[in-house]
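Everything below concerns the one structure shown next.
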């Protein structure tokens, strides 16, 4: 009895100090999900998990792309997260630096070859959008290309995101570099940045918000957001840039923590893929898995992929074009 009392007192002391007497098994702990996703896909994740028996069994934390990418590269398997949604190029760079993701057993069939540790989640597209009322009021012509955004007539009325904080801006850089080469792209970007001025946004969603409110007339950002605004009868229109519509994929991945890997993380991943893709496809209309179809009206007609492998290191190289 004396031993039991001492053990109980010891456990009580540990509880006061650390919040628990024992950590329990990984399966008993909440799955911690880190994401760089926008509001719409985050809502899909929450709805799917809550509707499929996981309500209260996970914690979803949002980060900017650069911030989460930095954590992955710096912390490796020591990261607190069990499951992440992230730009695929960051996952690739992190995996090359130190293998940190678990090979997955997917319950859906991807249309293209993918790394064993990644489950493509969404396809991000970059495009030009504008406020029709503002363009008319300012008597501005609608640009036909990304290069046109460098025209001095758009000075002070243009918004883009900062490539050092948002991967959305990289879609603009990729298009210019691929079509005109790095040297000419650097000159074009210098003029675009001059036109942007104080409207350089830290978030990929920043430009559409400013255009929506009429703070600026036009911007570059995520195509699906402009499509959504137009469909909701807001004064927003978008164009297919002459250079093409460049894309980035976001993927889900499970952190491989050996025996401490939470087995519920992969179950949640497959639940999101099985039950959330229909809603995600309505937002990001690019089929990723077998059996998926998208409304042809919503799909970019000239979708392109940058010819080089996208990595965090290549992103750093392209960021220097505006130093």
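The values are calculated or read from the model by the stated rules, or taken from the named source; none is laboratory data. Keep in mind the model is a prediction, meaning the values are calculated, not measured. Counting neighbours? That spans all protein chains shown, and the Cβs are built from the backbone with ideal geometry, glycine included.
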Of the residues 309, 313, 292, 259, which is over 21 Å from residue 109 (Cα atoms) and assigned to a loop (DSSP other than H, G, I, E, B)?
309
Listed residues 271, 249; which is closer than 23 Å to residue 302 by Cα and touching a residue at least 40 places away in the same chain (Cβ under 8 Å)?
249
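Listed here are the residues, each with its yes/no results for (1) modelled with pLDDT of 90 or more; (2) within 19 Å of residue 288 (Cβ to Cβ).
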position: 71; (1), (2): yes, no
position: 77; (1), (2): yes, no
position: 80; (1), (2): yes, no
position: 85; (1), (2): yes, yes
position: 94; (1), (2): yes, no
position: 97; (1), (2): no, no
position: 101; (1), (2): yes, yes
position: 106; (1), (2): yes, yes
position: 113; (1), (2): no, yes
Does at least one position in the stretch 267-274 carry a residue that is assigned by TED's automatic domain parsing to the domain that holds residue 87, out of contact with any strand residue (DSSP E or B) (no Cβ under 8 Å at 6 or more places or on another chain), surrounded by fewer than 14 Cβ atoms within 10 Å (Cβ to Cβ) and in a helix (DSSP H, G or I)?
no
Exactly one of (1) without any contact (Cβ under 8 Å) to a residue 24 or more places away in the chain; (2) touching a strand residue (DSSP E or B) at 6+ places or on another chain (Cβ under 7 Å) is unmet by residue 304. Its number?
(1)
Scanning the stretch 62-93 for residues that are over 15 Å from the mean Cα position of the chain (by Cα), free of Cβ contacts under 8 Å to residues at least 40 places away in the same chain and over 16 Å from residue 33 (Cβ atoms) gives 74, 76, 78
Any chance you could count how many residues in the stretch 88-102 are surrounded by fewer than 24 Cβ atoms within 10 Å (Cβ to Cβ), touching a strand residue (DSSP E or B) at 6+ places or on another chain (Cβ under 9 Å) and within 26 Å of residue 29 (Cα to Cα)?
4
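Report the residue count in the stretch 214-233 for those that are more than 18 Å from the chain's Cα centre (by Cα) and either on the phi > 0 side of the Ramachandran plot or modelled with pLDDT under 95 (or both).
Number satisfying all stated conditions: 6.
Among the residues of the stretch 219-249, which ones are assigned to a loop (DSSP other than H, G, I, E, B) and crowded, with 22+ Cβ neighbours inside 10 Å?
Across the stretch 219-249, the qualifying residue is only 241.
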Qualifying residue in the stretch 130-151 (condition: at pLDDT below 95, outside any helix (DSSP H, G or I) and not assigned by TED's automatic domain parsing to the domain that holds residue 86):
no
Unique match (being surrounded by fewer than 21 Cβ atoms within 10 Å (Cβ to Cβ), modelled with pLDDT of 95 or more, within 28 Å of residue 62 (Cα to Cα) and not assigned by TED's automatic domain parsing to the domain that holds residue 151) among 198, 279, 256
256
Just to be sure before I move on: is residue 163 in a helix (DSSP H, G or I) and in contact with a helix residue (DSSP H, G or I) (Cβ under 6 Å, 6 or more places away or on another chain) in the structure I sent?
no
Quick one: how many residues across the stretch 173-198 are touching a helix residue (DSSP H, G or I) at 6+ places or on another chain (Cβ under 6 Å) and without any contact (Cβ under 8 Å) to a residue 60 or more places away in the chain?
4
